[in-house]
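What follows is one structure encoded as structure tokens, with my remarks underneath.
The values are calculated or read from the model by the stated rules, or taken from the named source; none is laboratory data. All values derive from a computational prediction rather than experimental measurement. Cβ placement follows ideal geometry from the backbone for every residue including glycine, while neighbour counts extend to all protein chains displayed. Accessible surface is based on the protein model in full, side chains and every heavy atom, while ligands, DNA and RNA are left aside. Shrake-Rupley method; radii C 1.70, N 1.55, O 1.52, S 1.80 Å.
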Amino acid sequence: MGDVKQVIRQLRIQTGACKRLTNDLKMYIEEKNDYIKRLKSLEDSKADKYKIKTQRELLEETCAVLLDTYGKAKEAYAKLDKMMVSITNGGEETIQNSEEAKKSRCPTDNNARGSKSKEKTVCFSNIQ
């Protein structure tokens, strides 16, 4: 897999990418849920059609970004898993015992690794 320092560096970069994408995913899920609440509130209060339409458009945009981020996170985790398998199979103890390898085994709570969560509402239902 190459030079030990280079492998550890790539592992650190990939772990950071996974963490960042997972945080982005959580943020977009919260944003989506906020938009859903606002939309329901506007519909219940029989607000102006323009406001409802605008809120619906914002929700749709958030869902599009959420789906894109989910796909990127899934790819990032797949790449990280592939790196970890090659490190484990490579037998390089220096890398296996490095702090980066330990962190990358579980950089987050694995929500973006394809596990199904309670957040599968509205735009999240057509994933996988």
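If we scan the stretch 57-71, do we find a residue that is farther than 16 Å from Gln14 by Cα and of a type in the set (Gly, Ala, Ser)?
Scanning the stretch 57-71, I find at least one residue that is farther than 16 Å from Gln14 by Cα and of a type in the set (Gly, Ala, Ser), so the answer is yes.
If you check Arg9 against the conditions, is it surrounded by 12 or more Cβ atoms within 10 Å (Cβ to Cβ), within 14 Å of the chain's Cα centre (by Cα), of a type outside the set (Phe, Trp, Tyr) and closer than 29 Å to Ala78 by Cβ?
Spelling it out, it is not the case that Arg9 is surrounded by 12 or more Cβ atoms within 10 Å (Cβ to Cβ), within 14 Å of the chain's Cα centre (by Cα), of a type outside the set (Phe, Trp, Tyr) and closer than 29 Å to Ala78 by Cβ.
Would you check if Ser115 is open to solvent by less than 80 Å² (accessible area, probe 1.4 Å) and either at pLDDT below 90 or not in a helix (DSSP H, G or I) (or both)?
yes
Quick check: anything in the stretch 15-35 β-branched (Val, Ile, Thr), closer than 19 Å to Lys79 by Cβ and in contact with an Asp or Glu (Cβ under 9 Å, 6 or more places away or on another chain)?
Yes: the stretch 15-35 contains one or more residues that are β-branched (Val, Ile, Thr), closer than 19 Å to Lys79 by Cβ and in contact with an Asp or Glu (Cβ under 9 Å, 6 or more places away or on another chain).
Can you tell which of Thr88, Thr69, Thr54 is out of contact with any Ser or Thr (no Cβ under 9 Å at 6 or more places or on another chain), at pLDDT 90 or above, of a type in the set (S, T, N, Q) and closer than 20 Å to Cys18 by Cβ?
After ruling out the rest, the residue left standing is Thr69.
Exactly one condition in (1) open to solvent by less than 50 Å² (accessible area, probe 1.4 Å); (2) at pLDDT below 50 is false for Thr121; which is it?
(1)
May I ask you to say which residue of Asp34, Asp68 is surrounded by 13 or more Cβ atoms within 10 Å (Cβ to Cβ), within 19 Å of the chain's Cα centre (by Cα) and not β-branched (Val, Ile, Thr)?
The match here is Asp34.
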